[in-house]
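Data block below; observations after.
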Amino acid sequence: MSLPVVDPARYDQQLEAKRERIVRQFAPFSPPPLEVLASPPSHYRQRCEFRIWHEGDDLFYAMFETQGAEGDPEDPRKKRVVRLDQYPVASRQINALMPRLREALLASPTLRHRLFQVEFLTTLTGEALVTLIYHRPLDEAWESEAQALQDQLGIFIIGRSRKQRLVLERDHVWERLDVDGRSFVYQQVENSFTQPNAEICRAMLAWAREVTRGSQDHDLVELYCGNGNFTVALAENFRRVLATEISRTSVASARENLAANGIDNAVIGRMSAEEFAEALKGEKGGRRVAEMGLETYDFATVLVDPPRAGLDDASCRQLSEYPRIVYISCSPDTLARNLETLCRTHRVTRFALFDQFPWTHHCECGVLLERHAT
């Protein structure tokens, strides 16, 4: 991969290029004018991971850049090690921690020995969790020095090695996102998916709240809910919410986040999107399905935030049964493919570009689809 070249003076130019590409790609679906939500041009990622590169008595943060256009990009002979003392993509808090952590590691043979990777997770509210990953077992000496480092830097530390995970205090941070005059808090667990660009996450939540406003007479069903990112922010727009997710860790965080925000009209079910589709059709039973009480809901809106692979044909057909679809996509190509199916029954009435990953070709999109009048 090529490392992003961050040049804030050129941010508007790179965003306009993305806008033009998305407008061209989705023109066949006749969407309304594209809404473009810009990111901060630098220091926008709240989580990052770096390899630790050892050279004699020195060590430093590193990433790898693929050299040349031919051959296997995973071939180490095709990779160039890039030293990173600062990383303008990462949050200011990560950049402030990077030199302080490196100095502490250089001063401690115990903490630096066979250290392989460092992962940072930070929040807008100032909390930071650092995971140190090793190619060796971690012992009491490591734990003692890591505890001292945690106290010194005012962070939370987790140590990882093969079949080991040592949590010194806690395995999560708490983020607070202010949206539409409301404050929402989120537990974000180490090694579990969270939106990396907090400012764009706020923009996405505000957009989703706007396009679903005035829906209190009906219910929302949410697929791939993760840690309840959208569930928490959208609950007050609906009578009730039923959200599903397959990851145990994410389900636990989502339930924690509902409680932390005082939300009592939403339920999180641990179930894949495919299993849920079967349950809706009456093709799947069991305790988890019975506990959902599907017969008591009146779903008028479905929100889906699928992985990069998008939705399969069966899932698209399932979505087509709802009057209104909110589709959050991290892959324009799979979104366009899915719209070929969804636009047979629905039309695009809102269309947004969220610049989640500046200085890369990646785009995040939001689409509101409403069923054709019959």
Item to complete: Output the number of residues of the range 113-166 satisfying the condition of being of a type outside the set (A, V, I, L, M) and not in a loop (DSSP other than H, G, I, E, B).
Response: 22
Worksheet item: Would the range 243-256 turn up any residue that is within 17 Å of R324 (Cα to Cα) and crowded, with 18+ Cβ neighbours inside 10 Å?
Response: yes
Worksheet item: Given the range 211-318, what helices (runs of 4 or more DSSP H) lie entirely inside it while holding 1 or more residues that are at pLDDT 90 or above, within 24 Å of D333 (Cα to Cα) and hydrophobic (A, V, I, L, M, F, W, C)?
Response: 229-234
Worksheet, complete the sentence: The one condition W53 fails out of (1) at pLDDT 95 or above; (2) open to solvent by 60 Å² or more (accessible area, probe 1.4 Å); (3) of a type in the set (A, V, I, L, M, F, W, C); (4) in a loop (DSSP other than H, G, I, E, B) is (4)
Worksheet item: In the range 18-35, what residues are open to solvent by less than 60 Å² (accessible area, probe 1.4 Å) and either part of a loop (DSSP other than H, G, I, E, B) or closer than 13 Å to D355 by Cβ (or both)?
Response: K18, I22, P31, P32, L34, E35
Fill in: Yes/no for S42 being touching a helix residue (DSSP H, G or I) at 6+ places or on another chain (Cβ under 7 Å) and open to solvent by less than 20 Å² (accessible area, probe 1.4 Å)
no
Worksheet item: In the range 59-82, what residues are more than 24 Å from Q356 (Cα to Cα) and at pLDDT 95 or above?
Response: L59, F60
Worksheet item: Which residues, counting only those in the range 169-191, are open to solvent by 30 Å² or more (accessible area, probe 1.4 Å) and not in a strand (DSSP E or B)?
Response: E169, R170, D171, D180, G181, N191
Discussion item. Quick check on the range 334-348: of everything there that is open to solvent by 30 Å² or more (accessible area, probe 1.4 Å) and touching a residue at least 12 places away in the same chain (Cβ under 8 Å), which residue is nearest to E20 (Cα to Cα)?
Written reply: R337
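The values are calculated or read from the model by the stated rules, or taken from the named source; none is laboratory data. Keep in mind that this is a model prediction, so the values were computed, not measured. So basically every Cβ, Gly included, is an ideal-geometry build from the backbone, and we count neighbours across all protein chains shown. Just the protein is used for accessible areas: all its heavy atoms, side chains included, with ligands, DNA and RNA removed. Shrake-Rupley method; radii C 1.70, N 1.55, O 1.52, S 1.80 Å.
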